[in-house]
């Protein structure tokens, strides 16, 4: 209890946030934020299907690693060698941009991490990760949306709402705060006059469709200013392919970097459920990790102007079995990695209370044991970037998590 | 003339009225019941390749040709003219690479099969009467979904899977559909069971390969009991062992008809298994059949299916009395799906619920094409469905597309619908009076505001787009 309380000791920015929540920010003059808070950007990428953390960031210094991973083990030297990070952990060879950012201290890894969910259903696992709730049954809103809702109404982050990339917004950004939507265009535009008339009709008859259409128009204005419309930007490949990941990341970066654009965005990449023929230095997972790496590079170049105030958090619902299964892949597990990348990140380190890989050190003698709660990571990033207090984080963003303090020092 | 509630019912349970339907169908409930009592769906017709054997033969010939083409490409330049690999094989099905070149405008075979299946699948939906049976087929196809994104084999099998494993059982027994699905090559490939091998089976001992839990877990979690249906990780592993040996016969046909389902005893984990407290003695294929039969009759399965049917056809707000009636009937009739369909259309809860749910993109697409009497080609099917977020036979994961209405009410989703409505409005405008079309499509549901917006539109295409996007067309 004492420990939890000390972790909640508010910083100056956080205290500002708590007071605002109490008195109502909308009545405070705008310069109050301009003085204290940075105009930060946060993009959360959800990897659907459960990323194999032991493959993405292999602990090649662990004496049990090579035997445990058998044919999928990566080596420190030779053809297809893993990229060195800190001597103990390495990065998958398909992620050179990430490894470079790590060396430049603009990227870090949290290893052996998991949410509080301990079953092995993708869908429940994703719901827990995205809703920020302790139980999969409560999916009325996502935690990133509640971050926007909890921010002072006049702050740029709250004014711009959250961006959900894709035809259906990920749960993590759904909720009471405004959500903008964008996806690579597939059909010719409808025409302004039709959209205006439809807006009139919805205004008279259907508030929910009216709101959705209004936000689509708003995002479209930003997207066309950033030249994201047109045939040359047609969807390429979709979110389960490397080209699609790079395209989606590049577009999200341009929208989030725009002066009048959203400050918070969520997107999802798919295809990480590698039950069979997962591959090692090359193969199925390597192809996907290559897409994620291209996305990192696209974020970096698209967000260049605001990179110093940007963090990109990559999360997945859970990890995979520590051992290889009968079909040279991995089944659903528990502990895995989270990536944190960006100019605002205090990078160059792997944050891990390493549990070890011996049989008795595995969770249920099967999975990488989780020793860090990813909610502590999410809370730490949000607290440092947007100044939300530990109390708001423990009650509104991740309800009933007072025992999980925000991880400190992730953001510079 | 159909009443307001009749039109709501035709749109809630069916695919939406075609021109003339509202005048023709007096009593919507009687028309829905008649579709159930017919007990069968019309065949998906007009395919170049229909049977499993035809599709498998063409698929394996395609793979052979691909391999041969790669050998030509990688062979040293000097050798290629002397010994073109295609000439060395006697296989009549395999065209030599030289003959393939002029056809390169045609997509590869798996995509051709997918294109034909998708076009035929949409055609049968557009031609159906009320379309309740087709909606049920869509429901079950989503419940037991597979995805063409998993690879060429699944792309070639997706239509076949729905024709063989889903459509024949829509008014039949749940257990029969479950067994047909779990033993279909498409599902065995999609959820990796085709590769799962008992570690102590002869094949496992020889090849050092073993279990894959994917299909076993999703059958328990998604297809039968539901995620909180009372199974454990140990049950998942035991069920995976039970299902070892359920696989696909290879192109050589050593174990069975190429590309078809086969039980391979040499890959099956020997021994008795315990699943959900019951013991299944060693029995090869029968061990799995018995386990599936027990899962199909489990009360948790009845509750799971009942709740999902209500969410799909009635709404997100729970109708607990209707769910329990459906679950009880499921248990009493051992999963008679026609009995469940009849309870749905006869219930006051389903009949009287307000039309507040946004149609899914596929439902909206079919309703729009039916209202306009269109027969779209493949390009006009695949692209808009993908743009609106619900590509055919390509859900985001094994849990299928969401049944929630809110999830489709997004800015990007609404924008894609407007763009589709504008496009189909341009295609369907010739010779159409949009005001009459609005009456035909919506009858008593047509609001004064929509009627006015349609009448005042600047052009026919714009009037049609406004009609299709009107709340009373979008919601059901």
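No lab work stands behind these numbers, since they all come straight from the coordinates. The structure presented is a predicted model; accordingly, all values stated were derived computationally and were not measured. Because the Cβ atoms are built from the backbone with ideal geometry, glycine has one as well, and the counts that use them run over all protein chains shown.
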Dividing the alpha-carbon radius of gyration of region B:299-352 by 2.2 N^0.38 Å, where N counts its residues, gives 0.98
Degrees, to the nearest 10: A:192-205 long Cα axis against longest axis of chain A: 80
How many Cβ atoms of partner chains, on average, are near each residue of A:320-331 if near means within 10 Å of its Cβ? 5
As a test, work out the antiparallel percent of DSSP beta bridges whose residues both lie in the protein assembly as shown, rounded to the nearest 5. 45
Pairs of alpha-carbon atoms within less than 8 angstrom and 6+ residues apart define the contacts here; what relative contact order does chain A have, in percent? 29
How compact is region B:191-297 by the rule of thumb for globular proteins, expressed as Cα Rg over 2.2 N^0.38 Å? 1.04
Given springs between every Cα pair under 10 Å in a Gaussian network model of chain A, which of A:139, A:45, A:345 has the largest fluctuation? A:139
Can you give the relative contact order of chain B as a percent, counting alpha carbon pairs under 8 Å and 6+ residues apart? 19
Could you work out how far helix B:320-332 tilts from the main Cα principal axis of chain B, as a 0 to 90 degree angle to the nearest 10? 40
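Restricting things to alpha carbons, find the Rg to Rh ratio for region B:247-379 using the Kirkwood radius for Rh. Working shown, then result.
On the way: Rg = 21.4 Å, Rh = 18.9 Å.
Value, to two decimals: 1.13.
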log10 I(q)/I(0) for region B:358-474, Debye formula on C-alpha points only (no solvent), q = 0.11, 0.23 Å⁻¹, two decimals, reads -0.35, -1.36
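Take peptide A:208-214, look around each residue's Cβ out to 10 angstrom, count Cβ atoms belonging to other protein chains, and average those counts.
Partner-chain Cβ atoms within 10 Å, mean over residues of A:208-214: 6.
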Taking only C-alpha pairs under 8 Å that are 6+ residues apart, what is the relative contact order of region A:344-395 in percent? 21
Within 10 Å of each Cβ of B:379-391, how many other protein chain Cβ atoms are there on average? 2
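Ordered by packing density, taken as the mean number of other Cβ atoms within 10 Å over each peptide's residues, highest first, how do B:29-39, A:261-271, B:309-319 rank?
Values: B:29-39: 16.5, A:261-271: 24.9, B:309-319: 19.2.
The packing order, highest mean first, is A:261-271, B:309-319, B:29-39.
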As I understand it, the value is the acute angle between the Cα axis of helix A:207-225 and the longest principal axis of the Cα atoms of chain A; what does it come to in degrees, rounded to 10? 80
Run the helix sum for chain B: -39,500 (n - 2.57) per DSSP H stretch of 4+ residues, divided by residue count, reported at 222 nm to the nearest 500 deg cm²/dmol. -16000 deg cm²/dmol
Among B:365-373, B:325-333, B:426-434, how do they line up by average Cβ neighbours within 10 Å per residue, starting with the highest? B:365-373, B:325-333, B:426-434
Averaging the inverse of every distinct alpha carbon separation and then flipping it gives the Kirkwood radius. What is it for region A:232-324, in angstrom units? 14.4
Which order do peptides A:61-72, A:122-133 fall in by mean Cβ count within 10 Å, highest first? A:122-133, A:61-72
Dimensions (Å) - chain B, Cα atoms, principal axes, largest first: 73, 64, 38
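Using just the alpha carbons, could you tell me how many Å³ per residue the convex hull of region B:122-271 encloses?
Once divided by residue count, the hull of region B:122-271 is 128 Å³.
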The protein assembly as shown: mean projected area of Cα convex hull, nm²: 38.5
In Å, the Kirkwood hydrodynamic radius from C-alpha pairs for chain A sits at 21.7
